[in-house]
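Participant: Sending over a structure as structure tokens; questions will come in a sec.
The values are calculated or read from the model by the stated rules, or taken from the named source; none is laboratory data. Because the structure is predicted, anything quoted here is derived from the model rather than measured. In this analysis, Cβ positions are derived from the backbone assuming ideal geometry, glycine residues included, and neighbour counts consider all displayed protein chains. Keep in mind that these areas ignore ligands, DNA and RNA; they rest on the heavy atoms of the full protein, side chains included. Shrake-Rupley method; radii C 1.70, N 1.55, O 1.52, S 1.80 Å.
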Amino acid sequence: MFESPCKSINVLNAWSESQEELRETQPASPPRGTGKRVKIKKKKRKEQQSEKRSDSAPQLCTDDDVQGRKETKYRPDEPIVRGIFEIGKKSHDVVLTATRVTWTPIQPETPTADRDVKKQEEYVELQDVFAVKVKRRRSVGQQTGGTLLGITLFQCKKKGLKLKDHAIHFNNLSVDHCETWFQSLKEILSGFKNRPKSLKVFVNPVSHKKEAYQIYLDKVAPLFKLADIQTDVTVTKRKGQALSILKDCSLEEYDGVVCVGGDGSVAEVAHGLLLRAQMDAGRDTDSIFTPVQAALPLGIIPAGSTDVVACSVHGIRRAVTATLHIIMGHHQPVDVCSFSCMGRLVRFGFSAMFGFGGRTLALAERHRWMPPSQRREFALIKTLANLKPEDCELSFITSRGAEDQTKAERKRDGEAICESDSWQTRHGLYLNISIMAIPCLCSMAPRGLAPNTRLNNGSMALIVVDNTSRSEFIKHLKRYGSTNNQFGFSFIETHTVEAVRLRPRSQGSWAEDVLENDSKTRPIISSEGTYPWNIDGDLLEVASELLIRVHPQLLTLFGADVEEAEESPVKCSCI
């Protein structure tokens, strides 16, 4: 049987009173002269019982009581509803409190019954439950109604880095009792503040193998519907559309923004959210300014080729795991970089590469007619075949509190080192320069492209690869796919920095490096006197000096902080 809280409390009080009265009315022969003392004890006992009953019985609350109980309507251990359900073909006594649902199998009494019941008691924490539904049996084609079977709880279960949904069925044919349980559970679940109720969703249909929209329909949308989350979905048709929408649309009605796509799509949406925050705050983006935090958290559903941002925040490339992080309202603050040229903001991002990384992406962009995997391998091999260093002036500010790794640096031929204020400046030839505010985990780099940094430690990893032979550089690249230290070479130095300033000194531009005259290899974007940068997988042309600064916890992502992914390393076949 099911009982409401008030009714169950009254029944328990009545039962305790009857037990006390039975004990008190047992025939006894008290000694003479103690009758008055016994009466006094009985009177005190009754007064204490009446005080307990008055405390546990439902009462009208004054304004002060309401203010005091705003956050906790129920005490954590106080039974809210109790009843009998069939779970796994066995009857169970089920109790709902403000924090958990507990069920115990109903068994005949035995001398060891209490011990057995304690062993068989099971429960689920309500903080791990994201939905409750009424369970019905319906015939084929029937949309509404149907035979009531009970209620179902949907739990978010964690196994390593994976999150998966798990259904727990509580079977009972009573409409009234199931309705009481359903409403009580819905009221408790609606009290978790971080869980979103409405989301703005951007889907890039051409991401990776053009599977992003199908991933959303098959794995993401059903879970959002199950959790009663309203979604406003935009399937983008061109690059920059999500940025345009975020700059102009009203965001007050949403609790978060979701991006289904690869790193390029994620970078565009993140930049749009942060740029919108600066516009709303009246920041002048044509000067060096201190940015404000984004108003809404960003959820990332991995649907790209590498998904380094999703892997860094989830530890795994799995759409269901990312979706459940969003539904459960798991928030993870993340550091973000700002990229400025001549005092003007170019964009926000998480990572950047100049030199080998930038030229490889530039060459791949010239061959967009090729399939994505072939295009990347072709560009990588071609850039390695024509490997050459960049003549640069590199300046950086070492992060406060970090170990100064520059004290033991060697002097290199043709490299001048000077120090002005807090900026350390050097000139030299570099094969690649990477600046990363997050670890950049992916299947090809299980330890991360920048394993020495974290999601929100307020600093960036600066990785400088000096001029060396092609064979040594390839050894360095191969180390990313293993557990060995990819920086254990004499031609690589790493720094923990707050700001980086890079100024190329060569006269030629990357457009002059075109090796074929075929029209197919003509660059999509080409300007004289510009240099290619790979910023979060997007090609950016910069004509002069670029300033990169880190901004601690500027953006909130749906997810959790992880050290490294559990996926097995996948080595690139072309190295």
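Participant: Sorted by packing (mean other beta-carbon atoms within 10 Å per residue), highest first, where do 427-440, 228-241 land?
Facilitator: Descending mean neighbour count gives 427-440, 228-241.
Participant: Okay, moving on. Using the heavy atoms of the protein chains and a 1.4 angstrom probe, tell me the accessible area per residue for segment 198-558 in square angstrom.
Facilitator: Working: 15080 Å² over 361 residues.
Here the residues of segment 198-558 average 42 Å² of exposed surface.
Participant: For the pairs K157/K239; K89/K219; K135/K239; K158/K197; K159/K382; K135/K200, note any where the Cα-Cα span goes beyond 32 Å.
Facilitator: Result: K157/K239; K135/K239; K159/K382 exceed 32 Å.
Participant: Could you pull out the pairs from K133/K162; K90/K133; K210/K247; K186/K225; K133/K225; K388/K475 whose alpha carbons sit more than 19 Å apart here?
Facilitator: On the way: K133/K162 24 Å; K90/K133 21 Å; K210/K247 26 Å; K186/K225 15 Å; K133/K225 11 Å; K388/K475 16 Å.
Table pairs above 19 Å Cα-Cα are K133/K162; K90/K133; K210/K247.
Participant: Quick query: amide H of L199 versus all other amide H atoms, modeled in the peptide plane; which residues come in under 5 Å with a sequence gap of 5 or more or a different chain?
Facilitator: Long-range HN contacts for L199: Q230, T231, D232, D255.
Participant: Of the peptides 206-218, 340-352, 243-255, 133-145, how do they stack up when ordered by the mean number of other Cβ atoms within 10 Å, highest first? Don't skip to the answer; put the middle values down first.
Facilitator: Values: 206-218: 17.5, 340-352: 20.3, 243-255: 14.5, 133-145: 9.8.
The densest-packed peptide leads the list: 340-352, 206-218, 243-255, 133-145.
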